Amino acid sequence: RIAVNEELRNLESALEQALELVGPGGRIVVISYHSLEDRIVKRFMQREARGCICPPEVPVCICGHKPSLRIITRNVVIPSDSEIKRNPRSRSAKLRAAESISPDEETTEPFADPMLLMGNDGGAWRRPSLPKKIKHIYSLT
């Protein structure tokens, strides 16, 4: 289905078009339901938030790329356990958000709190937690 409908190519095109349509201060928020889609959204937002996109082997920047996005959600935001119980189809959903900036704007501002996207109560979304094995390793240090 994904290949036949060219969904991944259409997603890339839609992200580029959204970036052109959204003015400075506007937000692009994407909910993906498949890991291939999420990877495309993540890489797009990371690329557009960086200055130079030249290959690492090029010693001096020749691309002239300027950042056009500021990433709002540092980590992906996923549905809470209660949301998954109410709506089992939401279990694979991943939310990413970025704010459009003007080319002259400085991008050193830290990531915003994702909870600002959902209101005071955080809505029905949460940040993913670390697996227990990793939590144990971090608690030892």
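Flag: residue 103 does not match the condition of being at pLDDT 85 or above and assigned to a loop (DSSP other than H, G, I, E, B). Taking (1) of a type outside the set (Asp, Glu); (2) touching a helix residue (DSSP H, G or I) at 6+ places or on another chain (Cβ under 6 Å); (3) modelled with pLDDT of 60 or more in turn, residue 42 satisfies each apart from (2). Of 79, 114, all but one fail to be of a type outside the set (A, V, I, L, M, F, W, C), on the phi < 0 side of the Ramachandran plot, open to solvent by less than 60 Å² (accessible area, probe 1.4 Å) and at pLDDT below 60; the exception is 114. Does the stretch 55-72 contain at least one residue that is surrounded by 14 or more Cβ atoms within 10 Å (Cβ to Cβ) and in a helix (DSSP H, G or I)? No, every residue in the stretch 55-72 fails to be surrounded by 14 or more Cβ atoms within 10 Å (Cβ to Cβ) and in a helix (DSSP H, G or I). For beta carbons closer than 9 Å, sequence separation of 6+ or different chains, a first residue in the stretch 70-95 that is of a type in the set (Phe, Trp, Tyr) and a second that is part of a helix (DSSP H, G or I), there are no qualifying pairs. Within the stretch 15-43, the residues that satisfy the criterion of being within 29 Å of residue 84 (Cα to Cα), open to solvent by 50 Å² or more (accessible area, probe 1.4 Å) and outside any strand (DSSP E or B) are 33, 34, 35, 36, 39, 42, 43. Suppose the filter is within 13 Å of the chain's Cα centre (by Cα) and aliphatic (A, V, I, L, M); does residue 58 pass it? The answer is no for residue 58. Among the residues making up the stretch 49-75, those that are farther than 15 Å from residue 30 by Cα and not hydrophobic (A, V, I, L, M, F, W, C) are 50, 51, 55, 56, 57, 59, 64, 65, 66, 67, 68. Restricted to the stretch 2-14, and to residues there that are among the aliphatic types (A, V, I, L, M) and assigned to a helix (DSSP H, G or I), the residue that is nearest to residue 102 (Cα to Cα) is 14.
The values are calculated or read from the model by the stated rules, or taken from the named source; none is laboratory data. Remember, predicted model here, so these are calculated numbers, not experimental data. With ideal geometry, Cβ positions are generated from the backbone for all residues, glycine too; neighbour counts draw on all protein chains shown. SASA here: full protein model, heavy atoms, side chains in, ligands and nucleic acids out. Shrake-Rupley method; radii C 1.70, N 1.55, O 1.52, S 1.80 Å.
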